[in-house]
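Here the structure comes first, spelled out in structure tokens, and everything after it is commentary.
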Ligand SMILES: NC(=O)C1=CN([C@@H]2O[C@H](COP(=O)(O)OP(=O)(O)OC[C@H]3O[C@@H](n4cnc5c(N)ncnc54)[C@H](O)[C@@H]3O)[C@@H](O)[C@H]2O)[C@@H](O)CC1
């Protein structure tokens, strides 16, 4: 498990670590680790010229001390001071080591700064760290255009401009790599900010780990730990029966993908409830599936289901499922059918548009069109709290957000190649997560394990290339086996 801690917890842990250490010791450790990574990247890339962007705070201090170490090692270093102040001792160290010092404190970039940025092989971005407000200072808006495409950008602690809490989207430096100190922070793992982080490298500076993370990310080991592996005494019922209510006469593909995914992921049995055409199709395509009502351990409801034109039988079964004490997953059209909170485990799997529609239907505050893009986890949290459900918000970084009442951290996963953004992949995810709910996992575990396995299976199905949803569904069993074997 990868764990990230809130800025307050990071600051408290750093203060605890500083007790008994000489003044500035942690910053020296941070700068030494940062300079070590920077030197390795310069060497790997057979390159030389370094530019240090240094802001007003301690993040600028880290960057300046690292710049001093790189200059001492013989690299040409240009320091660009971009804040109203600079860390004095660190700046003196950089000067003493031979760095050239330029200023770009406001307005357009001076010519010599443009030249330095255009010629840099490696840039250390030390504008803001965990003390940063979201967004770049106005005068740095043009920064991305001034950086050569060939330069390797290392963000110091976090990409400047990105919200340290990872809650809101903003202008930020997009780094190739982020070197963070001691602890991972939410900015590195959350949907609106992770894309700016690049490769994440954690340098140990001796900061103790706080007790409760704000964000978690599952690794392959966690999948091996959480996956419901059958024992010799299991049978198809004890392994979990998933009921699927999906599709209709017009939408026949979604149930095929739900059911194929659940069967391939190894659920004990799947029962499908739906009208004639999807039923006939499933009979020929997924012979393992059984049809009609019966006992189930969880429901996956809503993929390809048009709530307004749904079959009466389907609507009745959905009503009964929602009133039952069984776990329910609601996807796509199923999201329109949830009116109130239920006491049993419930997992919603919207994409951004569906989450916005749902939050608006529930009248959860002022919600402009870009609300979910700007603050995805906050909007998911509003829905989770209002309905007391877990919300899995699908995206390049998928967030699984439990209700605040659960007292659990958000989980985020970014295992999927961009190729997975294709019609039907959400139906596969719903079938997979539903299978895990049926085998007894909590909504948080089912959602996060499903998100990881879904993403890895997409890559396994066709590494580095396009992938169709059905291929992901067919790949699931082999990917699970691979992850369990590790
Ligand atoms: N506290 C510690 O023990 C350690 C801190 N370290 C470094 O210290 C950093 C935190 O330092 P600070 O608390 O000084 O905070 P920062 O260096 O992140 O930034 C604070 C400064 O930037 C300005 N600022 C913030 N947002 C801005 C924006 N959007 N536009 C323009 N200016 C903005 C603030 O007014 C302030 O002057 C960490 O990220 C890390 O890099 C490391 O040296 C390791 C040890």
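May I ask you to order 366-377, 152-163 by the average number of other C-beta atoms within 10 Å around their residues, highest value first?
Output ranking for 366-377, 152-163: 152-163, 366-377.
May I ask you to order 284-297, 469-482, 378-391 by the average number of other C-beta atoms within 10 Å around their residues, highest value first?
In descending order of packing, they fall as 378-391, 469-482, 284-297.
With the cut-off at 18 Å, report for segment 194-303 the share of all Cα pairs above it, as a whole percent.
I get 62 percent for the Cα pairs in segment 194-303 exceeding 18 Å.
Calculate for the chain the 222 nm mean residue ellipticity that helices alone would give, adding -39,500 (n - 2.57) per DSSP H run of length 4 or more and normalising by residue count, nearest 500 deg cm²/dmol.
It lands at -12000 deg cm²/dmol.
On C-alpha positions alone, give me the angle between the axis of helix 7-18 and the longest principal axis of the chain, in degrees, nearest 10.
That works out to roughly 50 degrees.
For the chain, find the longest principal axis of its Cα atoms and tell me its angle to the long axis of helix 253-264, 0 to 90°, nearest 10.
On a 0 to 90 degree scale, this one is about 80.
Any idea how far the Cα center of segment 114-148 sits from the one of segment 403-455, in Å?
One Cα centre to the other: 35 Å.
Mind running the shape call on segment 91-138? Use the C-alpha gyration tensor, a ≥ b ≥ c as the square roots of the eigenvalues: rounded below 1.5 for a/c, prolate if a/b tops b/c, oblate otherwise.
oblate
Any chance you could give the angle, 0 to 90 degrees and rounded to 10, that helix 376-387 forms with the longest Cα principal axis of the chain?
It works out to around 40 degrees.
Rounded, prolate or oblate: which one fits segment 149-210, using the alpha carbon gyration tensor with axes a ≥ b ≥ c (rounded when a/c is under 1.5, else prolate when a/b beats b/c, else oblate)?
Since a/c reaches 1.5 but b/c is at least a/b, the shape of segment 149-210 is classed as oblate.
Which of the peptides 312-323, 224-235 is most tightly packed, and how do the rest follow, going by the mean number of other Cβ atoms within 10 Å of each residue?
By packing density, highest mean first, the sequence is 312-323, 224-235.
Taking Cα centroids, how far is segment 206-230 from segment 275-347 in Å?
Taking the Cα centre of segment 275-347 as reference, the centre of segment 206-230 is 31 Å away.
Cα gyration tensor of segment 220-485, axes a ≥ b ≥ c as square roots of the eigenvalues: rounded (a/c below 1.5), prolate (a/b > b/c) or oblate?
Because its axes are fairly even, with a/c under 1.5, segment 220-485 counts as rounded.
Read-outs throughout are calculated quantities, based only on the coordinates presented, and are distinct from any laboratory measurement. In this text the structure is predicted, and so the values were computed from the model without any measurement. Please note: Cβ atoms are built from the backbone with ideal geometry, for glycine as well, and neighbour counts cover all protein chains shown.
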